Amino acid sequence: MILLGKIEYINLAPFHVFLKRYISNTQTKQSINYHKSYPAKINRLFKKRKVDAGFISSVESFRGSFKRFDVGIVAKKEVRSVLVKKGEVKTDSESASSNMLAKVLGIKGKVIIGDKALKSYLQNPKAYQDLCTLWYEKEALPFVFARFCANKHSSFYKTLIKRFISSNKKIPQYILEKYSKKSGVSKKDIKEYLTLISYEINHKEQKALKRFFKLTSQGF
């Protein structure tokens, strides 16, 4: 039995569409179960080995005896779904990496992530600071918000991840409609948002991860 942590944010829609196609044979479908939750909860379940694999917040992926893959949730210069609103200092309970990113950047305010953040940004972009943009301005690097990690079944996930990277990541209209209704974000805005997201962790992304790890180790 394979237990996969599933975060149903828009930025992972291409992965979930791919996964549904990939595990098309009945036997594989029957052997996979999903635990659906938000990033911080998936982190905790993964650390306790209550889920076998998933996209783990980058701040939580640095240490541990588990397999790390070169795929994650990456944004280059902006992301629109990881924000700080000026005013009250407050973390987002669904987050791990984004809360820490605000700290290392010295940005004070209310952290907000995910689909609710994207919707808020689209309604009033001037009210928020995009943490990815601030990171890029400071480091001239992309930011890796999460990384795919596995406690077991590494060979299965190695093949899966390789196929995902080379796959066509187009989202069917009915899936866009589903995410649009759930999030309150238009299909047009979802498609535009997904152009900001990439998944492969190459040299610059590795460098960004190492830089973030170094900063998180400096008293935060």
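Just a few scattered comments:
- Only one of 118, 196 that is in contact with a helix residue (DSSP H, G or I) (Cβ under 7 Å, 6 or more places away or on another chain), closer than 22 Å to residue 78 by Cα and of a type outside the set (Val, Ile, Thr): 118
- Of all residues in the range 167-215 being of a type in the set (S, T, N, Q) and at pLDDT 95 or above, the one that is farthest from residue 71 (Cα to Cα): 186
- The range 129-160, residues that are of a type in the set (A, V, I, L, M), at pLDDT 95 or above and either closer than 19 Å to residue 56 by Cα or under 15 Å from the mean Cα position of the chain (by Cα) (or both): 131, 144, 146, 150
- Breaking point among (1) surrounded by fewer than 15 Cβ atoms within 10 Å (Cβ to Cβ); (2) within 15 Å of the chain's Cα centre (by Cα), for residue 38: (1)
- Among the residues listed as 98, 31, 93, the single one being of a type in the set (Ser, Thr, Tyr) and under 22 Å from residue 198 (Cβ atoms): 98
- In the range 76-91, residue nearest to the chain's Cα centre (by Cα) [restricted to those that are of a type in the set (A, V, I, L, M, F, W, C) and in a loop (DSSP other than H, G, I, E, B)]: 79
For (1) modelled with pLDDT under 95; (2) within 28 Å of residue 128 (Cα to Cα); (3) not in a helix (DSSP H, G or I), each residue gets a yes or a no:
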{"position": "24", "(1), (2), (3)": "yes, no, yes"}
{"position": "56", "(1), (2), (3)": "no, yes, yes"}
{"position": "74", "(1), (2), (3)": "no, yes, yes"}
{"position": "102", "(1), (2), (3)": "no, yes, no"}
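- Selection of first residues in the range 31-51 that are free of Cβ contacts under 8 Å to residues at least 60 places away in the same chain and within 14 Å of residue 152 (Cβ to Cβ) and of second residues that are of a type in the set (Val, Ile, Thr) and part of a strand (DSSP E or B), restricted to Cβ pairs under 6 Å at least 6 apart or on distinct chains, gives the following pairs, ordered by first then second residue: 31/2; 32/2.
- Output for the range 174-185, where each listed residue is out of contact with any helix residue (DSSP H, G or I) (no Cβ under 7 Å at 6 or more places or on another chain) and either closer than 14 Å to residue 11 by Cα or surrounded by 10 or more Cβ atoms within 10 Å (Cβ to Cβ) (or both): 178, 181, 182
- Within the range 72-89, residues that are closer than 18 Å to residue 183 by Cβ reach partners that are among the acidic types (Asp, Glu) and surrounded by fewer than 23 Cβ atoms within 10 Å (Cβ to Cβ) with beta carbons closer than 8 Å, at six or more positions or on different chains, in the pairs 79/130; 80/130; 81/115; 82/130; 83/130.
- Filter result (out of contact with any helix residue (DSSP H, G or I) (no Cβ under 7 Å at 6 or more places or on another chain) and either crowded, with 24+ Cβ neighbours inside 10 Å or touching a residue at least 24 places away in the same chain (Cβ under 8 Å) (or both)) within the range 90-105: 103
The values are calculated or read from the model by the stated rules, or taken from the named source; none is laboratory data. All values reported here derive from a predicted model rather than from experimental measurement. Here the Cβ is made from the backbone with ideal geometry for all residues, glycine too, and neighbour counts use every protein chain on show.
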